[in-house]
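Accompanying notes for the structure given below.
Taken together, the values in this text are just the output of simple stated rules run on the coordinates, not laboratory data. These figures come from a predicted structure and were not determined experimentally. FYI the Cβ positions are ideal-geometry reconstructions off the backbone, even for glycines, and counts take in every protein chain you see.
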Amino acid sequence: MKKEGTGKPQNPDIALDADVRMRELHFEKVPDPEVRFRGNTGRNSVWESRRENLPDEVQECVIYRNAGVRLRIATEIVKSESGFRNRSNIKSVENIKSVEIDA
């Protein structure tokens, strides 16, 4: 299990859960996954992954069979002292904070 983040959201405003299964998988290059929580809003954020039939450190050109990965990304926006949840003006989708997953 790999777990990183700045907190433990009790009631996430945004949560992403993914469960991926594969019969066969190999890596041409060893990945270095990273999740970035961007934006200027205070938040409690965490990401966690669990692997099945995959080692913590995969190897190049090794074939892994009947594997799976479960990923959870969650963030809870913390209200600022002024009571506003975002310091920016609200303009449709522009204020949604992005989460990037690099594999």
> Between Asp19 and Arg72, what is the spin-label point distance in nm, taking each point 7 Å from the Cα along the Cα→C-beta axis?
Replying inline: 1.3 nm
> From the backbone phi of segment 24-40, what are the Karplus-calculated ³J(HN,Hα) couplings (6.51 cos²θ - 1.76 cosθ + 1.60, θ = phi - 60°) in whole Hz, Gly and Pro given as x?
Replying inline: 8, 8, 9, 10, 6, 9, 5, x, 10, x, 8, 10, 10, 9, 9, x, 10
> Across segment 45-51, in residue order, what do the Karplus-derived ³J(HN,Hα) couplings come to in whole Hz, using 6.51 cos²θ - 1.76 cosθ + 1.60 with θ = phi - 60° and x for Gly and Pro?
Replying inline: 10, 7, 9, 9, 10, 10, 10
> Between Asn11 and Glu34, 0.36 nm times their residue separation minus their Cα-Cα distance comes to what?
Replying inline: 6.0 nm
